[in-house]
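Read through the structure below, which is laid out as structure tokens, and then see the notes.
Every number in this text was worked out from the coordinates using simple rules, so none of it is lab data. Owing to the predicted nature of the structure, the values given are computational and were not obtained by experimental measurement. Note: ideal-geometry Cβ built from the backbone for every residue, glycine included; neighbour counts use all protein chains shown.
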Amino acid sequence: MGLVGVQENGKGEMALSLGNKSKYKRMDSELSDEFDDEASNHYNELERKKSIRKYVLACAIFASLNNVLLGYDVGVMSGAIIFIQEDLKISEVQEEVLVGILSIISLLGSLAGGRTSDIIGRKWTIAFAAVIFQIGAAIMTFAPSFQILMIGRVFAGVGIGFGVMIAPVYIAEISPTVDRGSLTSFPEIFINLGILLGYVSNYAFSGLSVHINWRVMLAVGILPSVFIGFALFIIPESPRWLVMQNRVEDARSVLLKTNENENDVDERLSEIVAAAGMSNGEKNEEKAVWRELLSPSPPLRRMLITGFGIQCFQQITGIDATVYYSPEIFKEAGIENNSKLLAATVAVGVTKTAFILIATSLVDRVGRKPLLYVSTIGMTVCLLTLSLTLGFLGHGQLGIALAVLCVCGNVAFFSVGMGPICWILTSEIFPLRLRAQASALGAVGNRVCSGLVAMSFLSLSRTITVGGTFFLFALLSALSVLFAYKCVPETKGKSLEQIELLFENHNEWQGSEVEMGDSEHLVQKA
């Protein structure tokens, strides 16, 4: 019995041992399952973040398509005007008016765009802009006379005004804070892409008959706006506009689609609701927007000076004159053949487009102000050198080479800073309740200055020479460096609601920037 007991006991021990072994296997299996679950969750989270980034990127691209129209018009008109002048027999004054009127008229679209986007929403304002431009482009394509051509330019200008004003506002309102700068620079990227396409169109269709070529050039501009129809099925409405309409749950749904961290959504939504003056679901009483803009508080006055000022400096430094009249500039330097003139303008377009991509990759890492300093200083040097080249070197290979280099250098430095940062700042510095209409006011300043420069360049160059005109642009560019130093704060890494607080105390801008930089270094070290 004892043996049996031992055997039984042994069997029992063996059974226990086997039981333990089996138990260990189950624990290992559970740990493995937990690890697999964590890995799966991590993978799903990464996939979700990638999906959200692609979605926000698609929204920024589609919202920026109207800006291709502005860029295309600027680029294509620089070459098309040569053939329009020959076909319709227009005078130099009519040429200036035809080129510059689009910028002047676009201020009507920009001015109306703020109020329109507050009523029908940011998304549908983008669509409305595309429709108005298509009507204008169609009229220009079939215009039999200068008068009909001008009617088409008026429609196109209004459509462009709407598009230029609303795209940065929309993108800034849907973008995560960490990517807002680079995404809000997309409209400027698409303006540059449009300019390049306009130059290429000039070169590609210049071989057609004079009566046909400029019409084909203008007709091609209709194509980008067609894609905006597809955009309406993809892009959401701005969450900040939805909050202003008391559609808080709809805004939350959009924020879930555009923010990588779900935990930040409720916090961000609370900030937006508070900024919109809708705590507890009720709208607070507030002054009429335009009354507040015309009688601003000190912080709002600083915002308006910054936003309106940088929009004006972007244009009075002569970028549209450089782009619209690049064939005239190169002709002044000594290039006479039309094909060579248009080929040189393609080089300008390629340079302008390439350098805007550099700005997009750096603006959220380096910051707004450093790029703005590099841009304005570089533009000043290039404009001054171009002025001296055209004024003293005369025709010749050296003069031509320096002129092309300076024009390309000017547009490159513009694209690195002043071009995109102008729109980034005006879309992010204003309070939510004023953002659309204050941004529209800035866009009006931009379009007025653009029109004045475009419409006066030829007359001014006849009076003080082309070199003298660019010397004037160089002086204004030097002033823009001082403006950037005194009036532009660093907004990198701050939410739209935090930027409002930044303007409360103008004297702490520089100090807060240093403190922020120090804290970033400390975080990196930790």
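Some notes on this structure:
- About the Cα centre, charge dipole magnitude for the chain (Lys/Arg +1, Asp/Glu -1 at Cβ), debye: 1080 debye
- For the chain, with +1 on Lys and Arg beta carbons and -1 on Asp and Glu, the positive-most of Gly468, Ala443, Met303 along the dipole: Gly468
- Measuring max minus min along each principal axis, the C-alpha atoms of the stretch 290-506 give extents of 55, 35, 26 Å (largest first).
- Of Lys89/Lys352; Lys50/Lys369; Lys257/Lys494; Lys123/Lys352; Lys49/Lys494; Lys54/Lys494, those spanning more than 25 Å from alpha-carbon to alpha-carbon: Lys89/Lys352; Lys50/Lys369; Lys123/Lys352
- Span-like helix ranges in the chain, DSSP H, alpha carbon extent 27 angstrom or more, Kyte mean at least 1.6: 146-174, 397-416
- Relative to the Cα centre, the charge distribution of the stretch 290-506, modelled as +1 at Lys and Arg Cβ and -1 at Asp and Glu Cβ, gives a dipole magnitude of about 220 debye.
- Along the axis of the charge dipole computed for the chain (Cβ charges of +1 for Lys and Arg, -1 for Asp and Glu, origin at the Cα centre), the listed residues Gly159, Cys487, Gly114 are led at the positive end by Gly159.
- Positive-end extreme of charge dipole, the chain - chosen from Tyr324, Met244, Val374 (charges on Cβ): Tyr324
- Here the stretch 50-235 is treated with +1 on each Lys and Arg Cβ and -1 on each Asp and Glu Cβ, and its dipole about the Cα centre works out to around 680 debye.
- All-pairs Cα distance distribution in the chain, expressed in whole percent, bin size 10 Å: 4, 18, 27, 22, 13, 6, 3, 2, 2, 2, 1, 0, 0
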